[in-house]
2 protein chains.
Amino acid sequence: MTRLVRIAAAQMGPTQRADARPAVLARMIALLEQAAGRGAEFVVFPELAFTTFFPRWLLDPAELDGFFEPAMPNPAVQPLFDRARALGVGFYVGYAELTAEGQRFNSAITVGPDGAILAKYRKVHLPGSVEPRPGERFQQLEKRYFEYGDLGFPAFYGAEGWGRPVMGMLICNDRRWPEAWRVYGLQGVELMVMGYNSAAYDPNGGNSESPARRVFHSTLSVQANAYMNATWAVAAAKAGVEDGAGLIGGSCIVDPNGVVVAAAQGEGDEVLVASCDLDACRQGKEKMFNFAAHRRPEHYRRIIDQVGAELPR
Amino acid sequence: MTRLVRIAAAQMGPTQRADARPAVLARMIALLEQAAGRGAEFVVFPELAFTTFFPRWLLDPAELDGFFEPAMPNPAVQPLFDRARALGVGFYVGYAELTAEGQRFNSAITVGPDGAILAKYRKVHLPGSVEPRPGERFQQLEKRYFEYGDLGFPAFYGAEGWGRPVMGMLICNDRRWPEAWRVYGLQGVELMVMGYNSAAYDPNGGNSESPARRVFHSTLSVQANAYMNATWAVAAAKAGVEDGAGLIGGSCIVDPNGVVVAAAQGEGDEVLVASCDLDACRQGKEKMFNFAAHRRPEHYRRIIDQVGAELPR
């Protein structure tokens, strides 16, 4: 049995704070249709794909609430679910989750080709701060607006039609944390999917790394962690300038050797597609990264016993 | 105070099984002098630098013993220590360690500019097998000839003259294991040093990855783990063809952004030098990889609770 699945990354250009939901949905459906037209069976959308990256703003509660989804799906996103099911295409999408109990998470779901939600993930590695930085126009308030993900890193099986890959989800900053990848690797992950919104520069005008350096860091993280866990990886950006704040593109599809097999060329709406042989994960998992044969957890205890760094005496 | 240290990677070309120790020492001293002549204060030599990569052979005990160092230093390596001290240059060197109790390890030491041993490391991630693979000319018997390192990943301070960096040592295969890097990262490492002997192809003639792909994997591992732990990293290869078995080159010096600042051009004896600003680690440690602010160890337990992969149910 060939375990070949054709996967798309649907990079999205910027979504402005004032953009209406139907216009965003129309763009996402257009990307979905473009991906399906190129044979994709599964499409990866960005983090917080339905809205602008609102944690950059200190918002009053009414506007803030408007960025959250009280259920998934819900009427404001239903057209995407309907079109995907009609096409028989599954997808990953990031969104701001408001639970019935009033909890808020930066979440993502994977939806099967039949429209059923296969799994949910809540972002563990929230960057930014709780309190706004005084005097700055642009903030990064993820630690204010979201609780830390409480579901861990739960691997799950993708659809039978995709070859039933062991899958894992990450969101944005998570992709830079090898612990997150390894916890999935220890569940045999074959397909890691993630969306992101990553600043291209300091929007407040401070000295900072170049956009090119930031794309390099993003891609390097995905490549190396894919290699070290012998998994396919798909990373989809929201890119371009949102209300004066730039986001990197750099969406990519990476094979289990860490090789980029498809990469975004621009910073707008753009679909990348690759046919992914899930069995290409086997060589790494059975040889170089045969965890059972080679890992030595007795020497890894600091990874859970410590949070921050502790210098040698 | 500027914390600038000038560091060399001393890549070594092949050492044949029949090569006599004085000839190897003479090459190492020539590399040391070349590095010192280019201003290096610290030189990184390869894994098992004094000998051929002998774990490729199933050896009788007498020949095997000849590859091990019963003490460090000892008369057979003393000229390197003497020349380094005379030049005021420190070094990392890998060697096969035989303890007074008869234990055998794949070890490395860091020697200060005064000739004193600052720290020892014993390789944790031993690749290969205990039993020889029947019918094959070339073996990988590290798991037979060495015990697993029993010192963990102990960070230590480099010399005052180098800016007193927090240092960590790895050996070869360790560099592909993010757990090893993170345990050092959690001790605030600023300078990771490592030597390696990595096969360029399957010497028994099987289908395998190309030498170029293997250099890519090596460099990718060093770049990403340096970035994700905000540390300088220096990796020195033994390279070229040893008695019919090829080893990759690809020695490199990588900055805390994961950028290669110096890379070997060939597969022979070759010195790379870079001036390393230790304070360039600070941005990563204080922002993106501020561990105290962003790590969530409560979700990392599988990393120590499991050795091998366990598939989801």
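The values are calculated or read from the model by the stated rules, or taken from the named source; none is laboratory data. It should be emphasised that the depicted structure is a prediction, and the values quoted were computed from it without experimental measurement. We place every Cβ from the backbone using ideal geometry, glycine too, and count neighbours over all the protein chains shown. Each accessible area value is taken on the protein alone, full model and side chains, heavy atoms only, with ligands, DNA and RNA left out. Shrake-Rupley method; radii C 1.70, N 1.55, O 1.52, S 1.80 Å.
Numerical summary
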| item | result |
| --- | --- |
| One residue from A:A40, A:A100, A:A35 being in contact with a strand residue (DSSP E or B) (Cβ under 9 Å, 6 or more places away or on another chain), in a loop (DSSP other than H, G, I, E, B) and not acidic (D, E) | A:A40 |
| Residue count for segment B:6-18, restricted to those that are among the small types (G, A, S) and either in a helix (DSSP H, G or I) or open to solvent by 40 Å² or more (accessible area, probe 1.4 Å) (or both) | 1 |
| Residue among A:G66, A:G94 that is under 24 Å from A:V124 (Cα atoms) and touching a Phe, Trp or Tyr at 6+ places or on another chain (Cβ under 8 Å) | A:G94 |
| Exclusive hit being aromatic (F, W, Y), in contact with a strand residue (DSSP E or B) (Cβ under 7 Å, 6 or more places away or on another chain), in a loop (DSSP other than H, G, I, E, B) and surrounded by 18 or more Cβ atoms within 10 Å (Cβ to Cβ), set B:F50, B:F91 | B:F50 |
| Residue among A:P203, A:P134 that alone is touching a Lys or Arg at 6+ places or on another chain (Cβ under 8 Å), more than 10 Å from chain B (Cβ to nearest Cβ) and not charged (D, E, K, R) | A:P203 |
| Flag for A:V193 being modelled with pLDDT of 95 or more, closer than 30 Å to A:G66 by Cα and within 17 Å of the chain's Cα centre (by Cα) | yes |
| Any pair with Cβ under 8 angstrom, 6 or more apart, that starts in segment B:109-130 at a residue that is more than 13 Å from every other protein chain (Cβ to nearest Cβ) and at positive phi and ends at one that is of a type outside the set (D, E) and crowded, with 22+ Cβ neighbours inside 10 Å | B:G115/B:A84 |
| Whichever residue in segment B:137-160 is closer than 21 Å to B:F91 by Cβ and open to solvent by 60 Å² or more (accessible area, probe 1.4 Å) and, among such residues, is farthest from the other protein chains (Cβ to nearest Cβ) | B:E160 |
| Only one of A:R3, A:R21, A:R85 that is open to solvent by 50 Å² or more (accessible area, probe 1.4 Å), out of contact with any His (no Cβ under 7 Å at 6 or more places or on another chain) and basic (K, R) | A:R85 |
| One residue from A:R122, A:R104, A:R164 being more than 13 Å from the chain's Cα centre (by Cα), of a type in the set (K, R) and closer than 30 Å to A:F289 by Cα | A:R164 |
| Any hit, segment A:189-211, residues being open to solvent by 10 Å² or more (accessible area, probe 1.4 Å) and within 22 Å of B:R313 (Cα to Cα) | yes |
| Selection status of B:W177, within 25 Å of B:E286 (Cα to Cα), surrounded by 21 or more Cβ atoms within 10 Å (Cβ to Cβ) and within 12 Å of chain A (Cβ to nearest Cβ) | yes |
| Filter result (surrounded by fewer than 24 Cβ atoms within 10 Å (Cβ to Cβ) and more than 7 Å from chain B (Cβ to nearest Cβ)) within segment A:214-230 | A:R214, A:V215, A:F216, A:S218, A:T219 |
| Residue that is least open to solvent (accessible area, probe 1.4 Å), among those in segment B:286-313 that are within 7 Å of chain A (Cβ to nearest Cβ) and of a type in the set (D, E, K, R) | B:R295 |
| Scan of segment A:231-260 for residues that are open to solvent by 10 Å² or more (accessible area, probe 1.4 Å), within 14 Å of another protein chain (Cβ to nearest Cβ) and among the aliphatic types (A, V, I, L, M), ordered by number | A:V259, A:V260 |
| Verdict on B:G249 being closer than 30 Å to A:P154 by Cβ, in contact (Cβ under 8 Å) with a residue 24 or more places away in the chain and not in a strand (DSSP E or B) | no |
| Whichever residue in segment A:235-246 is part of a strand (DSSP E or B) and charged (D, E, K, R) and, among such residues, is farthest from A:Q283 (Cα to Cα) | A:E242 |
| Residues of segment A:24-47 classified as open to solvent by less than 10 Å² (accessible area, probe 1.4 Å) and among the small types (G, A, S), total | 2 |
| Hits in segment B:261-285 - residues which are touching a Gly at 6+ places or on another chain (Cβ under 9 Å), surrounded by fewer than 18 Cβ atoms within 10 Å (Cβ to Cβ) and in a helix (DSSP H, G or I) | B:D279 |
